[in-house]
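Where a number appears in this text, it was derived from the coordinates with a stated rule and is not lab data. Because the structure is a prediction, the values reported are computed rather than measured. All Cβ positions, glycine included, derive from the backbone under ideal geometry; neighbour counts span all protein chains shown.
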Amino acid sequence: MNQLQNKIAIVTGAAGGFGEGIAAAYVQEGARVVVADLDGEAARRVAGELGPAAAPFVVDVANRAQMEALVAFCSTTFGIPDVVVNNAGTTHKNQPMLEVDEQSFDRVFAVNVKSIYYMTHAVLPLMRKRGGGVILNIGSTAGIRPRPGLSWYNASKGAVNILSKSMAVELAPEKIRVNVICPVMGVTGLFEQFMGVPDTPENRARFMSTIPIGRFSKPSDVAAAAVFLASDAAEFFTGVELPVDGGRTV
């Protein structure tokens, strides 16, 4: 039997990278998924490839009204979400902290942190009414073992990591589980910004040398963790800060 049979999920930032991998794995495991992303064309492409169990929705996760509309769309299209994956994220370029302008700082915290505030306000009353649910936040190893040059991004992911634990403790009595997945760098759309240098084989090798298993993370790595943590097999898992990092944070 599929691990997520008949589950309903929202995945933000699902038009590429980790989010696309999670959405695809969820559909494969029997879930119906709202593929939510700022890039409408890419969201429609992904949903089209995944078939009738997926529906696209264009959203800026830093906009409260749009996040409320996203949850309403899921509820009317598939039903109240059993699982919400707060995956959408952004970063500033890898550079000295004083060179990051205020607009970039604000956008990083709006997309990476405030979006979870908006999503929680929108979805929690529905999960409470239904009697349970799963919230999965995508943090980062940056919030556990930060690299230099990404200070403000690191801080935003540190907030996501500790927020997830706090939510888990507060919501556990209501059968709402909250966990955070912390990937190491992957070759996604933000890859070159994370490095702060051109994407050359030499520069890749330098960053890869800090990962004991010897490769970057892949969407399938993050998706495997996201499938398990959303499944009924993980009913006793909450407040977990799970590095998907090939040993980077050891």
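Students often forget the sequence filter, so: which lysines lie under 20 Å Cα-Cα from residue 218 once same-chain residues fewer than 8 apart are removed?
157
Which stretch or stretches of region 137-165 have amide N atoms under 14 Å from the point lying 7 Å from residue 209's Cα along the Cα→Cβ direction?
Under cut-off, by backbone N: nothing.
Would you kindly state how much longer the chain becomes between residue 41 and residue 63 on full extension, computed as 0.36 nm times their sequence separation minus their alpha carbon distance, in nm to one decimal? Can you show the working numbers first?
Numbers: separation 22, 0.36 × 22 = 7.92 nm, distance 1.92 nm.
Once the chain is fully extended between residue 41 and residue 63, it gains 6.0 nm.
Translational diffusion coefficient of region 8-244 at 25 °C, 0.890 mPa s, Stokes-Einstein with Kirkwood Rh over Cα pairs, in µm²/s as a whole number.
Working: Rh = 17.8 Å.
Reported coefficient: 138 µm²/s.
Report, ordered by chain and residue number, the aspartates and glutamates lying within cross-link reach of residue 165, taken as a straight Cα distance under 17 Å and ignoring same-chain residues fewer than 8 apart.
Output for residue 165: 174, 235, 241.
I'd like the projected area of region 8-88, averaged over all directions, using the convex hull of its alpha carbons. Report it in nm² with one decimal.
Values: hull surface 17.1 nm².
With the hull built on Cα positions only, its mean projection is 4.3 nm².
Of 242, 4, how do they rank once you tally other Cβ atoms within 10 Å and put the fewest first?
On the way: 242 18, 4 24.
Lowest to highest Cβ neighbour count: 242, 4.
If I model a spin label at residue 130 and residue 2 as a point 7 Å from the Cα along the Cα→Cβ vector, what separation in nanometres do I get?
About 1.6 nm separates the two model spin labels.
Mean residue ellipticity at 222 nm from the helices of the chain, using -39,500 (n - 2.57) per DSSP H segment of n ≥ 4 over the full residue count, to the nearest 500 deg cm²/dmol?
On the way: 9 runs with 107 residues, N = 250.
Only helices count here, giving -13500 deg cm²/dmol.
Given 10 Å bins starting at zero, what is the percent of C-alpha pairs of region 126-171 in each, up to the one with the largest pair distance?
With a bin width of 10 Å, the distribution comes to 26, 40, 22, 10, 1.
Spin-label point model (7 Å from Cα, Cβ direction): what's the residue 101 to residue 233 distance in nm?
4.8
Here are some pairs, 7/114; 114/175; 7/93; which of them have Cα atoms lying more than 30 Å apart in this structure? Write out the running numbers ahead of the final one.
Working: 7/114 26 Å; 114/175 23 Å; 7/93 37 Å.
Pairs exceeding 30 Å: 7/93.
Taking only the alpha-carbon positions of region 48-129 and ignoring solvent, what does the Debye formula give for the base-10 log of I(q)/I(0) at q = 0.19 Å⁻¹?
Result of the Debye calculation: -0.86.
Which angle between 0 and 90 degrees, to the nearest 10, do you get for helix 40-50 versus the longest principal axis of the chain when only C-alpha atoms count?
Value to nearest ten degrees: 60.
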